[in-house]
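Colleague: Got a structure here, written out as structure tokens. Questions coming.
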Amino acid sequence: MKINKDKNIELGDNEYPIVNSDTGEVIDKFCVGDKITRNQQIEYTQEYDTSFGKGKTFMKIFDDQEDMLTTKLTSAEIAFVLKIRKYVSYNDAVLRDNYGKGEVLTYNTIADNLDISYSGARKLVESLMKKGVLAISKTGTRDNNNILIRTIHANPYIFIRGNKMSRVTSDLFRNSGW
């Protein structure tokens, strides 16, 4: 195809001509950062609301695991799991305040947030640990390795926030049976 360069379109760095394939005329320019929208993309956005729930957090619960949860857990444990799921953080599945974005939850903060007793929170966490739904790890702080922080992790093989997971967390649950 011959390109007609007579049209007055100046091309700068990182700009490329858009050419009419029938006439060879340069009709516009394409700049780095510009996007091409194809017909199938337009059709897709006409069929689906691509901003549905935008800005809202969500949790993936794997279908097979959901079925197992209902057979392996007591009603109280299922209710507890449903309540704590909003505290599961991205990338490491640590239970954190502020919908998975803040401070690491302790038995006390779990009890406070869920309006249950400390002993009730502790019993449920320990029961769910035995069943492989939760796990506790202890780690030093950045400032002082002698200060241990206990973190409660949710099993990413059951439910996960986002689509990537710390290997440390996935290794905690590798042999959990889920």
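The values are calculated or read from the model by the stated rules, or taken from the named source; none is laboratory data. Keep in mind that what you see is a predicted model, and the values were worked out from it rather than measured. We place every Cβ from the backbone using ideal geometry, glycine too, and count neighbours over all the protein chains shown.
Colleague: Taking the stated definitions as given, is L69 surrounded by 16 or more Cβ atoms within 10 Å (Cβ to Cβ) and out of contact with any Gly (no Cβ under 8 Å at 6 or more places or on another chain)?
Modeller: Yes, satisfied.
Colleague: Looking at the range 122-138, which of its residues are at pLDDT 90 or above and either outside the structural domain of V88 (by TED's automatic domain parsing) or farther than 17 Å from R161 by Cβ (or both)?
Modeller: R122, K123, L124, V125, E126, S127, L128, M129, K130, K131, G132
Colleague: Could you tell me whether D97 is touching a helix residue (DSSP H, G or I) at 6+ places or on another chain (Cβ under 7 Å) and among the acidic types (D, E)?
Modeller: yes
Colleague: Mind listing just one residue for me: the one in the range 142-163 that is surrounded by fewer than 18 Cβ atoms within 10 Å (Cβ to Cβ) and either closer than 20 Å to L73 by Cα or touching a strand residue (DSSP E or B) at 6+ places or on another chain (Cβ under 6 Å) (or both) and, of those, modelled with the lowest pLDDT?
Modeller: Taking the candidates together, the pick is L148.
Colleague: Is there any pair with a first residue in the range 21-49 that is without any contact (Cβ under 8 Å) to a residue 40 or more places away in the chain and a second that is surrounded by 10 or more Cβ atoms within 10 Å (Cβ to Cβ) and β-branched (V, I, T) whose Cβ atoms are under 6 Å apart and which are 6 or more apart or on different chains, and what are they?
Modeller: So the pair list comes out as G24/I3; V26/I9; V26/V19; I27/I18; D28/I18; K29/I9; F30/I18.
Colleague: Also: For the range 79-109, which residues satisfy the criterion of being buried (at least 17 other Cβ atoms within 10 Å of the Cβ) and without any contact (Cβ under 8 Å) to a residue 40 or more places away in the chain?
Modeller: Y87, R96, D97, Y107, T109
Colleague: Just to be sure, is D143 in the same structural domain as F80 (by TED's automatic domain parsing) and on the phi > 0 side of the Ramachandran plot?
Modeller: No, not satisfied.
Colleague: Looking at S119, S51 in this structure, which one is farther than 19 Å from K164 by Cβ and at pLDDT below 85?
Modeller: S51
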